[in-house]
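*Asks:* Okay, handing you the structure first.
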Amino acid sequence: MFKLSTIILLLVTLHLTVTAQDYGSLKGKVTDEFDKPLRGATISLEPDGHSSETDAKGNFSFNRIFTGNYNITVSMVGKINHQANIKIGSVAANNLIIKLSDDERALNEVAVSENRAAPDNLLKLERSAMPVTVISRRTIELMGSRRLDEVLKEQTGIAIVNNIGGGARSVGVQMQGFSSEYVMILIDGQPMVGRNSGNFDLSRISVSNIERIEIIKGASSCLFGSEALGGAINIVTRYGALQPQASVAANYGSLNIADITLEGETPFASQRGSANVSANYYRTDGFNTNPKYIQQGTTAPPYDNYALQGRIRYRLTPKSTIGFSGRYGLRKSFMSKDFGLGIISGDSQDEQDLNLSAIYDHNFSSGLRSMSRYYYTNFRSDQSIDWQQTNSSITKDIFAQNLHRFEQQFAYGVNDELKLTGGLGSSI
C-alpha cells in the first residue's frame, strides 16, 4: 500500500506540464454537387475530437482551436463521407468549400451504433474477455422504465432482490450466483458506496441521464477489485453535445407516482469543453400486496427521491483533458403498518449521498496514455422503527461512510489489437 503523500507527489510530478499553445480557427461551407447548402452535416476534427454541425446556409466554424495538422471528416446521411488532411495555423483558414456527393448505396433505413469508449475510462469493456451486455439509450427509452432496477429486471441472468426488513429500502442485484455484496455498481467508472444489508439500492438511480449501461458478468475482480467477483454494472451518463440543448420531462401515474426531470448540456470554448447537468424528482405512495394481514400500510414503501448530477470536461491541450463531476442524492421514506392487533408500527429511512470526482487525462507522444483520478463520497443512512401509539423506539440504526480514493492508471497500445493497462491506487 502506497502512502497518500507518495501518490499525491506522483500525480503532481506526472502532470503539471501544460505548455502554451497557439490558437487558430477554421471556417467553411458544405454543399451538394449542385452548390446547394447542406444543413445538419457533421464535421469532425481529429485527433483533437472537435465536432460541429452546419447551419441552414451550410456554414460551419471552429474558433480558438490548437494549431497543427488535423484529419477532417464531413458526413451526412445519404451522402458519401468526405475526408482530408488540413493544416490549421494561427491565421484563420476561410472559404473552405466541401461538396458531398450522393451515396447511391444509401439505404432507406440506417442503423447507427455507439462504439466509442467512455471518456472517463481507459478500458473499453466491449473488448474485455468477460461476457459484456450493453444496454443503449434507445433501448432504455423503449422500455419506458424510470429507475435502474426496472431496467435490470428485464435482463437475463440477473436477479433483483428486495429487502424492506427493519426499515430498510434496498433493491439489490444478484449475478452469476453471487449476492449483491459482490456486484459493483459504477457511475462513469467510479464505484458507488452505501449499502443496506449488502445491497446497493438500485432504485436510487434514475435512468433519465444515462447514455448506456454496461453489464459485465462473471469474475471481473481483475478490472474492478474484489467487490466485483460476481460482476460489475457501469452506468455511463450522457456527454458530447454538439450544440446547447435542454429538456424537461414530467410523468404521472397511479399510486401518485410522479417523475420530473430537468436536463441541460452545452459545449463551450469552441468545442474544447462540455458541461452537463440534470435534476430528477421521483415519488410514489407505494402499494400493499398483502391486504389480508396488513390492514393499513404498504409492503412496498412510499418515498420521495431527489437527485442532482453534473459533469464538466475541458481539453487543456491537444493531449491533455481535465474533468470534474458531482452527484447528490436524497431519499426520504416513511411507512406505517397495522396488522389488525391495535398496534401500529412505523418505520422510516432517510438516505443521502454525495459523490465528487476529478480526473486528468494525458496522452504522451510515445503512445502511453495516463489517467489520474480522485474520488470522494459521503453516504449517510438513518433508519428506525417506532410504535406509533407510545412513540417509543423499537430499533434505530445510523450508518455513515466517507471514502477518499486515488487512482493512477496507464494504458499502452502495442498495436491496434493489443493494449496493456495497469495502475495503482489507495483508499482511505
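The values are calculated or read from the model by the stated rules, or taken from the named source; none is laboratory data. Predicted model, so just to flag it, every value in this text is computed and none were measured. Positions of Cβ are generated from backbone atoms using ideal geometry, with glycine treated the same way; all protein chains shown enter the neighbour counts.
*Asks:* Which condition does Y182 not pass, out of (1) touching a helix residue (DSSP H, G or I) at 6+ places or on another chain (Cβ under 7 Å); (2) under 24 Å from M335 (Cβ atoms); (3) of a type in the set (F, W, Y); (4) buried (at least 17 other Cβ atoms within 10 Å of the Cβ), if it passes all the others?
*Replies:* Result: Y182 fails condition (2) only.
*Asks:* Identify all residues within the range 185-219 that are more than 21 Å from Q352 (Cβ to Cβ), at pLDDT 80 or above and in contact with a Gly (Cβ under 8 Å, 6 or more places away or on another chain); write none if there are none.
*Replies:* Listed by number, the residues that qualify are I215, I216, K217.
*Asks:* Continuing with this model, one more query. Need pairs with beta-carbon distance below 6 Å; first residue modelled with pLDDT under 85 and within the range 392-421, second among the aromatic types (F, W, Y); sequence gap 6+ or separate chains.
*Replies:* L420/Y412
*Asks:* While we're here: Does D382 satisfy being over 24 Å from the mean Cα position of the chain (by Cα), of a type in the set (D, E, K, R) and modelled with pLDDT of 85 or more?
*Replies:* Details: over 24 Å from the mean Cα position of the chain (by Cα): yes; of a type in the set (D, E, K, R): yes; modelled with pLDDT of 85 or more: yes.
Against the criterion (over 24 Å from the mean Cα position of the chain (by Cα), of a type in the set (D, E, K, R) and modelled with pLDDT of 85 or more), D382 qualifies.
*Asks:* Name every residue in the range 364-380 that is among the small types (G, A, S) and under 21 Å from I428 (Cβ atoms), in order of residue number. Let's see the steps before the verdict.
*Replies:* Within the range 364-380, the subset among the small types (G, A, S) is 365-367, 370, 372.
The answer is S372, and nothing else.
*Asks:* Moving to a separate point now. Filter the range 382-409 for residues that are exposed (fewer than 13 other Cβ atoms within 10 Å of the Cβ), not in a loop (DSSP other than H, G, I, E, B) and not hydroxyl-bearing (S, T, Y) and give the result. Walk me through it before giving the result.
*Replies:* Going through the range 382-409, the residues exposed (fewer than 13 other Cβ atoms within 10 Å of the Cβ) turn out to be 389-393, 395-396, 398, 400, 402, 404.
Adding the requirement that they be not in a loop (DSSP other than H, G, I, E, B) leaves 392-393, 395-396, 398, 400, 402, 404.
Selection gives K396, I398, A400, N402, H404.
*Asks:* Mind telling me which of the residues N251, N288 ends up being touching a residue at least 24 places away in the same chain (Cβ under 8 Å) and either of a type outside the set (G, A, S) or under 27 Å from R138 (Cβ atoms) (or both)? Before the answer, list the steps.
*Replies:* Values: N288 fails: touching a residue at least 24 places away in the same chain (Cβ under 8 Å).
Answer to the selection: N251.
*Asks:* Do you know which residues across the range 231-263 are under 21 Å from the mean Cα position of the chain (by Cα), surrounded by 13 or more Cβ atoms within 10 Å (Cβ to Cβ) and over 16 Å from R311 (Cα atoms)?
*Replies:* G231, A232, I233, N234, D259, I260, T261
*Asks:* Let me ask another. Scan the range 1-46 for residues that are at pLDDT 75 or above, part of a loop (DSSP other than H, G, I, E, B) and within 30 Å of the chain's Cα centre (by Cα) and jot them down.
*Replies:* So in the range 1-46, the residues at pLDDT 75 or above come out as 23-46.
Those still in the list that are part of a loop (DSSP other than H, G, I, E, B) too: 32-36, 38-41.
Scanning the range 1-46 gives G40, A41.
*Asks:* Further, regarding this structure: How many residues, within the range 67-119, are exposed (fewer than 14 other Cβ atoms within 10 Å of the Cβ), of a type in the set (D, E, K, R) and modelled with pLDDT of 80 or more?
*Replies:* Residues meeting the conditions: 2.
*Asks:* Tell me which of these K153 doesn't satisfy, since it passes every other one: (1) at pLDDT 85 or above; (2) at positive phi; (3) not aromatic (F, W, Y).
*Replies:* Here K153 meets the rest and fails (2).
*Asks:* Quickly run through the range 144-156 and pick out the residues that are exposed (fewer than 14 other Cβ atoms within 10 Å of the Cβ) and over 21 Å from L262 (Cβ atoms). Reasoning before the result, please.
*Replies:* So in the range 144-156, the residues exposed (fewer than 14 other Cβ atoms within 10 Å of the Cβ) come out as 144, 154, 156.
Hits for the range 144-156 are E154, T156.
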